[in-house]
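K.L.:
The following block contains the structure, expressed as structure tokens.
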Amino acid sequence: MKKIILLAILAVVSFTAKAQDTKPYEEKMAKLESAFKELEDAYHSFSKRDPATFTDAEKAQLNQIMAKADSLDSVQTATALEIAEKFKATKFPARYLADVMYNLEYDQLKQLCDPSTGYYNEPGMEKVKKLLASYELRHPGLMYKELTMEDLNGKQVKLSDWVGKGKYVFVDFWASWCGPCRKEMPNVVEAYNRYKNKGLEIVGVSFDSNKLQWSAAVEKLGMTWPQMSDLKGWECAAAKVYGIRSIPSNILIDPQGKIVAMDLRGSKLQTVLAELLKLSLIHISEPTRLGMIS
């Protein structure tokens, strides 16, 4: 009887210790969320206005807000991953993983969705598992899958019209009504202008349902690369074939038709393209020089 009582006491002490261990993490994540909320409020005051009306001081302030948000995002992601590792046998990590899931690479997400963890079957993991399921359809290492749609002129086109033709093909999933897509587009335009003559092609796959809005956005945003759509919105073929659950999204396909990267945005898009296309150009140019010498 005494042994049973002692074991019960030990269990309570152990549970209390675990609860105390999580407290610093709960406080840290709560502070991060609060800081994010302040930045969001500050950002919304800008988002309602036309960027063309911003003064230099306001542009600097907005850049500062975005830089702080990126920094907080990095800390939040690192902390969530630390929680998942330290408390993997408990339910605790499920509270935070969905908040950072879009910041994670496919391999990281797959590792986190381990059925042997104590948090795997928690309700908070449902979104994370659904995202992993969508990644399973387009993660790096897979061969691309065909898409058949129409271009802006109503002509039937396929991804294979561009894939496998000796270039890297960046397939950009977007829509005219998608604010984040439009915000990211100048970065995609910059990448296209920089690398279109160095081995890169871009194909836009629109999730629009209105052709006029689609074509107007293409012109206004300066998207001079090929476009395709079946004008079915979220019911489009791309959503099913590539598991697209949110946009902007993208895949980068190598000259042999293999997916080598996905969901590249901002500076990461520029960095990856610079690395891959530099390697590609070296690979092409060296045999040419050797041929000239011989």
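K.L.:
Give me the extension gain from GLU150 to THR55: residue separation times 0.36 nm, minus the current Cα-Cα distance, reported in nm with one decimal. Kindly include the intermediate steps, with their values, before the conclusion.
P.N.:
Numbers: separation 95, 0.36 × 95 = 34.20 nm, distance 4.17 nm.
Separation in residues times 0.36 nm, less the Cα-Cα distance, equals 30.0 nm.
K.L.:
Work out the FRET efficiency for SER134 and ASN197 from their Cβ-Cβ distance, taking R0 = 22 Å, and round it to the nearest 0.05. Walk me through the intermediate numbers first.
P.N.:
Numbers: r = 33 Å, r/R0 = 1.52.
Calculated value: 0.10.
K.L.:
I would also like to ask the following. Please list, or write none, the aspartates and glutamates whose alpha carbon is within less than 15 Å of the alpha carbon of LYS158, excluding same-chain residues fewer than 8 places away.
P.N.:
GLU146, GLU150, ASP172, GLU201, ASP230
K.L.:
At a Förster radius of 41 Å, what calculated FRET efficiency corresponds to the Cβ-Cβ distance of LYS258 and SER47, to the nearest 0.05?
P.N.:
For LYS258 and SER47, the calculated efficiency is 0.60.
K.L.:
Also, quick follow-up: Among the listed pairs LYS211/LYS240; LYS88/LYS129; LYS220/LYS278, give every one whose C-alpha distance is greater than 27 Å.
P.N.:
Violating the 27 Å limit, Cα to Cα: LYS220/LYS278.
K.L.:
Under the Karplus relation 6.51 cos²θ - 1.76 cosθ + 1.60, θ = phi - 60°, what is the ordered set of whole-Hz ³J(HN,Hα) values for the stretch 40-53, x standing for Gly and Pro?
P.N.:
Karplus values, whole Hz, x for Gly and Pro: 4, 4, 5, 5, 4, 5, 8, 5, 7, 10, 6, x, 5, 8.
K.L.:
Quick check on the stretch 127-225: take the gyration tensor over C-alpha atoms, sort the square-rooted eigenvalues as a ≥ b ≥ c, and tell me if it's rounded (a/c under 1.5), prolate or oblate. Write down the numbers at each step before the final one.
P.N.:
Details: a/c = 1.35, a/b = 1.13, b/c = 1.20.
Note, shape of the stretch 127-225 comes out rounded.
K.L.:
So, with +1 on the Cβ of K and R and -1 on the Cβ of D and E, and no other charges, what is the size of the charge dipole of the chain about its Cα centre, to the nearest 20 debye?
P.N.:
520
K.L.:
Taking the Cβ-Cβ separation of LYS23 and TRP234 as r and a Förster radius of 41 Å, what is the calculated FRET efficiency to the nearest 0.05?
P.N.:
0.50
K.L.:
For the stretch 96-110, in order, what is each residue's ³J(HN,Hα) by Karplus, 6.51 cos²θ - 1.76 cosθ + 1.60 with θ = phi - 60°, in whole Hz (x at glycine and Pro)?
P.N.:
Here the 3J(HN,Hα) series is 10, 5, 5, 5, 10, 4, 6, 8, 9, 6, 4, 4, 5, 5, 5 Hz.
K.L.:
Okay, next question. Express in % the proportion of alpha carbon pairs of the stretch 47-168 at distances exceeding 22 Å.
P.N.:
59
K.L.:
Right, another one. Report, to the nearest whole %, how much of the accessible area of the chain belongs to carbon and sulfur atoms, 1.4 Å probe, protein only. Don't skip to the answer; put the middle values down first.
P.N.:
Numbers: 9540 of 16870 Å².
Using a 1.4 Å probe with all protein chains present, the chain comes out at 57 percent carbon and sulfur.
K.L.:
What Kirkwood Rh does the stretch 182-269 have if only Cα atoms enter the pairwise 1/r average? Answer in Å.
P.N.:
13.9
K.L.:
For a bin width of 5 Å, list the pair-distance distribution of the chain built from all Cα-Cα distances, rounded to whole %.
P.N.:
Answer for the chain: a P(r) of 1, 5, 9, 12, 14, 14, 13, 11, 8, 5, 3, 2, 2, 1, 1, 0, 0, 0, 0 percent.
K.L.:
Could you give the longest part of the chain that holds none of the trypsin sites (Lys or Arg not before Pro) found in DSSP loops with at most 11 neighbouring Cβ atoms within 10 Å?
P.N.:
166-294
K.L.:
Still on this structure, please answer the following. Could you tell me what percent of the DSSP beta bridges with both partners in the chain are antiparallel, to the nearest 5?
P.N.:
60
K.L.:
Separate question: Does anyone have the angle between helix 179-195 and the longest principal axis of the chain? Alpha-carbon axes, 0 to 90°, nearest 10?
P.N.:
50
K.L.:
A further question follows. Rounded to whole Hz and in sequence order, give me ³J(HN,Hα) for the stretch 235-250 from the Karplus expression 6.51 cos²θ - 1.76 cosθ + 1.60, θ = phi - 60°, writing x for Gly and Pro.
P.N.:
The phi angles translate into 8, 5, 4, 4, 4, 7, 5, 10, x, 7, 10, 8, 10, x, 8, 6 Hz.
K.L.:
Under 5 Å between amide hydrogens, which residues at least 5 positions from ASN250 or on another chain qualify, with H placed 1.01 Å from N in the peptide plane?
P.N.:
Here the answer is PHE173, ASP263, LEU264, since their amide H atoms fall under 5 Å of that of ASN250.
K.L.:
Taking the Cα centre of each part, how many Å lie between the stretch 136-193 and the stretch 252-267?
P.N.:
Each part reduced to its Cα centre gives a spacing of 10 Å.
K.L.:
Provide the per residue accessible area, probe 1.4 Å, for the stretch 184-263, rounded to a whole number of square angstrom.
P.N.:
It amounts to 41 Å² per residue over the stretch 184-263.
The values are calculated or read from the model by the stated rules, or taken from the named source; none is laboratory data. These numbers were taken from a predicted model, which means no experiment stands behind them. A quick note on method: Cβ atoms are made from the backbone with ideal geometry, for glycine too, and the neighbour counts reach across all protein chains shown. The accessibility values were calculated without ligands, DNA or RNA, using every heavy atom of the protein model including side chains. Shrake-Rupley method; radii C 1.70, N 1.55, O 1.52, S 1.80 Å.
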